[in-house]
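Chemist: To start, I am sharing the structure in question, which I have written as structure tokens.
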Amino acid sequence: MLGSVTHVAAAKEQELAEQLVAAPEHFEREEDKRLFLSVRRELWEYEPLRASRPTLELEVHHGTVRLGGRVRTLAMKEIVGYICQRLDGVGVVRNELISDTEVVRNVADALAIDEALGPLCLIVDVRGGVVTLSGDLPDSALERRALDAALSALGVLDVVSNLVVRRPQRPTTAPAPKAVLASA
């Protein structure tokens, strides 16, 4: 009985690991297949990666592991590369993952170089390559510029605008002080 429970749990884990990284139809070499399954199992064990539910690309060819797809953070990208590198049989890791934090930086840089957009400090959020821009704009024409600047950044798949046009309000000024008459 215990053996069948263990087998069912292993089958369920295999099914879930397939959602993380799908296996190719066939492998050129049996060693590549074993290494692929080993790498996928180790990536599945990394809970922060599993919890973020990324769609990853994993290729193994003669000991070279290529990683592609998107992850949430730069730290996650680096850790995934390290996990692969430490496995027996891995010679080279080509880590081509794109992190959302890298895309945030790319978009922020693209906005910052625009003379009109840079000073506005727009908020940039990224999930899976989809950028959401938020903040206030003094002029409606700047929305198109912001969207175009964001779309031009490396790693951006799409841009959603939560930008609001609000005319800048002048701060209230204090009334001029009344002249104090000096008594003579």
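Here, each number is a calculation from the coordinates, and none is a lab measurement. Just so it is clear, the model here is predicted, and its values are computed rather than measured. As a convention, Cβ positions derive from the backbone with ideal geometry for all residues, glycine included, and neighbour counts pool all protein chains shown.
Chemist: For each of 30, 78, count neighbouring Cβ atoms within 10 Å of the residue's Cβ, then give the residues from fewest to most.
Modeler: Numbers: 30 8, 78 14.
Placing the least packed residue first, the sequence is 30, 78.
Chemist: If each residue's Cβ is checked for other Cβ atoms within 10 Å, how do 39, 107 rank with the fewest at the top?
Modeler: Details: 39 23, 107 26.
By the 10 Å Cβ count, ascending, the order reads 39, 107.
Chemist: Quickly work out the residue 45-to-residue 108 label distance, labels modelled 7 Å from Cα along the C-beta direction, and quote it in nm with one decimal.
Modeler: 3.4 nm
Chemist: Also, I was wondering about something else. So what's the gap between the Cα centers of the range 101-159 and the range 23-85, to the nearest angstrom?
Modeler: Cα centroid of the range 101-159 versus Cα centroid of the range 23-85: 31 Å apart.
Chemist: Can you work out ³J(HN,Hα) from phi for every residue in the range 97-102, in order, using Karplus 6.51 cos²θ - 1.76 cosθ + 1.60 and θ = phi - 60°, giving whole Hz and x for Gly and Pro?
Modeler: Working through the residues one at a time gives 5, 10, 9, 4, 5, 5 Hz.
Chemist: Would you mind ranking 32, 148 so that the residue whose beta carbon has the fewest other beta carbons within 10 Å leads the list? Intermediate results must be reported in sequence, preceding the final value.
Modeler: Values: 32 20, 148 12.
Sorted ascending by nearby Cβ count, the order is 148, 32.
Chemist: Subtract the Cα-Cα distance of residue 34 and residue 95 from 0.36 nm times their separation in residues, and report this length gain in nm to one decimal.
Modeler: Details: separation 61, 0.36 × 61 = 21.96 nm, distance 1.96 nm.
Taking 0.36 nm per residue and subtracting the Cα distance, the gain is 20.0 nm.
Chemist: What shape does the range 10-96 take by its C-alpha gyration tensor, where a ≥ b ≥ c are the square roots of the eigenvalues and a/c under 1.5 counts as rounded, a/b above b/c as prolate, and the rest as oblate?
Modeler: Numbers: a/c = 1.70, a/b = 1.17, b/c = 1.46.
Oblate.
Chemist: Another question about this same structure. As an exercise, use a Förster radius of 35 Å and the Cβ-Cβ distance of residue 151 and residue 75 to find the FRET efficiency, rounded to the nearest 0.05. Please list the in-between numbers first.
Modeler: Working: r = 26 Å, r/R0 = 0.76.
That pair, residue 151 with residue 75, gives E of 0.85.
Chemist: Can you compute the modelled spin-label distance between residue 23 and residue 161, with each label point 7 Å from Cα toward Cβ, in nm?
Modeler: Label-label distance for residue 23 and residue 161, simple model: 4.8 nm.
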